[in-house]
Amino acid sequence: MEIDQKHARQIVARGVSAWERDDFESALDTFQKVLEDFPQFADVQNKAGLCLAMLGRLDEALGHFDAALEENPSYAEAHLNRGIILNDLGRHEEAQYAFSRAGELDTRDSPVFPSEVGNRIAVTHAKLGDLYLVANHPSDAIEHYRAALEIRPRFMDIRSKFAETLIELGELEEARAELMLILESRPSFVGARVRLGVVLNRLGDDDGAVAEWKRCLEDDPRDMRARAYLASVQMSLDGEGAEA
């Protein structure tokens, strides 16, 4: 059964709890269940990779770090983790490049909070935002996501959570701007494009919504969300035509 994004984040929180107890197998199982429905969650790909690394399954770990970077090429922590695994696998030249890339990205976003310190502050704010969402306090979650993005504006997985929460609060114009910013950076982020269509539809721009959902289906013809939204809009238009 497919889970929605809010429920997915609640499940991720349970996986993080298992990780903090050093129960890496349970954490991995939890993260992989989320990735079945949300493979675009770069942070969860990274977490799954870390679990596999701790379990000694290095090649599989590398696959998850690669997946995280495919979704978010600016994910400094994933570059760093990838470098560690490559080094352990004896692929030293590739590892050095990964370490170098991680260092460049660490200091690019915020000279005030360089390197791993800035990443940790941003991720901590994001985790607090997730917890506030679980507690059904989206207004408080928003403030933490906003604080995270001030430090690491290129962390698109956090920006996606921010946009999703804005939609929940009815802040549609701001949500549209955030989703467009994500898609400028990552045009293949189908989940963000689906949500942009939802926002445009709620703002009364049916043509814009349909265009976004059709673009989703060009990227992934199997995407049931885009197909369902398109069918819903068509049914609505057919109903209006019948009434006329």
Inter-label distance for Gln234 and Asp220, nm, one decimal - labels placed 7 Å from Cα along Cα-to-Cβ: 2.1
Rounded to 10°, Cα long-axis angle of helix 58-71 versus longest principal axis of the chain: 40
For a quick check, take a GNM of the chain with Cα springs below 10 Å and name the residue from Gly15, Gly56, Gly191 with the largest mean-square fluctuation. Gly56
State the percent of C-alpha pairs, over all pairs in the chain, separated by a distance greater than 30 angstrom. 29
Specify the inter-centroid distance of segment 173-215 and segment 11-35, based on alpha-carbon positions, in whole Å. 31
Go through segment 9-15 residue by residue and turn each phi into a ³J(HN,Hα) via Karplus (6.51, -1.76, 1.60, θ = phi - 60°); whole Hz please, and just put x for glycine and proline. 5, 5, 5, 4, 4, 5, x
For segment 1-75, what is the Kirkwood estimate of the hydrodynamic radius, computed as the reciprocal of the mean inverse distance between distinct Cα atoms, to one decimal in Å? 12.1
Whole-Hz Karplus ³J(HN,Hα) for segment 74-90, in order, using 6.51 cos²θ - 1.76 cosθ + 1.60 and θ = phi - 60°, x for Gly and Pro? 9, 7, 4, 4, 5, 4, 4, 4, 4, x, 4, 5, 4, 5, 5, 7, x
Pick out which of Gln45, Gln234, Gln96 has the largest mean-square fluctuation in a Gaussian network model of the chain, springs linking Cα atoms closer than 10 Å. Gln234
If the elastic network links every pair of Cα atoms under 10 Å, which of Glu36, Glu25, Glu143 fluctuates the most in the Gaussian network model of the chain? Glu36
Sort Ser185, Ser232 so that the residue with the fewest other Cβ atoms within 10 Å of its own Cβ comes first and the one with the most comes last. Ser232, Ser185
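Please give the contour-minus-distance gain from Glu25 to Ala211: 0.36 nm per residue of separation, less the Cα-Cα distance, rounded to one decimal in nm.
62.8 nm
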In degrees, nearest 10, the alpha-carbon axis of helix 156-168 is tilted away from the dominant principal axis of the alpha carbons of the chain by 30
Per-residue [θ]222 nm for the chain (sum of -39500 (n - 2.57) over DSSP H runs n ≥ 4, rounded to 500): -26000 deg cm²/dmol
Sort His125, His64 so that the residue with the fewest other Cβ atoms within 10 Å of its own Cβ comes first and the one with the most comes last. His125, His64
Working from Cα positions, state the angle (0 to 90°, nearest 10) between the long axis of helix 190-202 and the longest principal axis of the chain. 30
With all distinct Cα pairs included, what does the Kirkwood hydrodynamic radius of segment 187-244 come out to in Å, to one decimal, could you say? 11.4
Counted neighbours (other Cβ, 10 Å), sorted fewest up, put Asp88, Asp59 in the order Asp59, Asp88
Once you wrap a convex hull around the alpha carbon atoms of segment 120-244, what is its projected area averaged over all directions, in nm²? 8.4
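For segment 187-244, what is the relative contact order in percent, using Cα pairs closer than 8 Å and at least 6 residues apart in sequence?
Relative contact order, segment 187-244: 29 percent.
Bear in mind these aren't lab numbers, they're just calculated from the coordinates by the rules spelled out. Keep in mind that what you see is a predicted model, and the values were worked out from it rather than measured. All Cβ positions, glycine included, derive from the backbone under ideal geometry; neighbour counts span all protein chains shown.
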